[in-house]
Amino acid sequence: MSSAGRVEIHYQRLPDRMKVYRQRVVVERDDVIVTLSEPIEVASPIMVDGDVILEKGSLAVWFTFPDTWHDIGRFHRADGSFSGIYANILTPLVRTGPVWHTTDLFLDVWWPQGGQVTLLDEDEFEEAVALRHMDRETAQRARQEATRLLELACEGRWPPAIVEDWTLERALAKLECYSPSVTYAAQSRSTST
């Protein structure tokens, strides 16, 4: 990892869009890397079923697992309130030090606070498959991963315990402990969940 404890994630959205995200490393273990987003910059709130899940100034705690076809985010609104658990279905991460590369495979699993787990963006996925933005094998693998996560959630075995353990409050406290000069707008918020 970089000496500053930051990563740069090159996130490809098929067919040819690339976005770079910069995040702070909170915890790095062999089985998972926990990172904290910078405050989210979006033109308008991101909504699911009429509820805001992310908005300008929101923070997300991300969980990246080696050789896995998804990552997981703990999403919070700008006021620090927990909105839910989000999983991107994507290609396994390729890491070169603090620079990471992955490709979004359109499908997302969303579990809102107090709600039911659901699959998002199936229409975008089907369109990408029809337009041949991904090969058949990759599309099949993406669908299998989404189905697996939904089944595990229904069985009470997803998300993994570390996602519940590393709340926004805990991540912010850890970063402040190791780097007192780090400031985030959300540090003063009450984020107990």
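Structural remarks
- Search result, residues across segment 76-103 that are in contact (Cβ under 8 Å) with a residue 12 or more places away in the chain, closer than 21 Å to GLN12 by Cα and outside any loop (DSSP other than H, G, I, E, B): TYR86, ALA87, ASN88, ILE89, LEU90, VAL99, TRP100, HIS101, THR102, THR103
- Selected residue [within 20 Å of LYS174 (Cα to Cα), surrounded by 23 or more Cβ atoms within 10 Å (Cβ to Cβ), modelled with pLDDT of 95 or more and within 14 Å of the chain's Cα centre (by Cα)] from ILE72, ILE33: ILE72
- For VAL42: the one exception among (1) out of contact with any Asp or Glu (no Cβ under 7 Å at 6 or more places or on another chain); (2) closer than 20 Å to ILE72 by Cβ; (3) at pLDDT below 95: (1)
- Subset of segment 38-69 [hydrophobic (A, V, I, L, M, F, W, C) and surrounded by fewer than 21 Cβ atoms within 10 Å (Cβ to Cβ)]: ILE40, VAL42, ALA43, ILE46, MET47, VAL48, VAL52, PHE65
- Of all residues in segment 78-93 being buried (at least 21 other Cβ atoms within 10 Å of the Cβ) and either acidic (Asp, Glu) or more than 17 Å from PRO160 (Cα to Cα) (or both), the one that is modelled with the lowest pLDDT: GLY80
- A residue that is at pLDDT 95 or above, within 16 Å of the chain's Cα centre (by Cα), surrounded by 18 or more Cβ atoms within 10 Å (Cβ to Cβ) and not small (Gly, Ala, Ser) occurs somewhere in segment 94-102.
- From the options VAL109, VAL117, residue that is under 22 Å from VAL61 (Cβ atoms), at pLDDT 95 or above and touching a Cys at 6+ places or on another chain (Cβ under 8 Å): VAL117
- Whenever a residue of segment 151-163 is at negative phi, its partners that are part of a loop (DSSP other than H, G, I, E, B) and not small (Gly, Ala, Ser), lying with C-beta atoms within less than 6 angstrom and at least six residues away or across chains, give the pairs LEU152/TRP158; ALA153/VAL117; ILE162/VAL32.
- In segment 1-33, the residues that are within 27 Å of PHE125 (Cβ to Cβ), β-branched (Val, Ile, Thr) and in contact (Cβ under 8 Å) with a residue 60 or more places away in the chain: VAL7, ILE9, VAL32
The values are calculated or read from the model by the stated rules, or taken from the named source; none is laboratory data. If you're wondering where the values come from, they're calculated on a predicted model, not measured in any experiment. We place every Cβ from the backbone using ideal geometry, glycine too, and count neighbours over all the protein chains shown.
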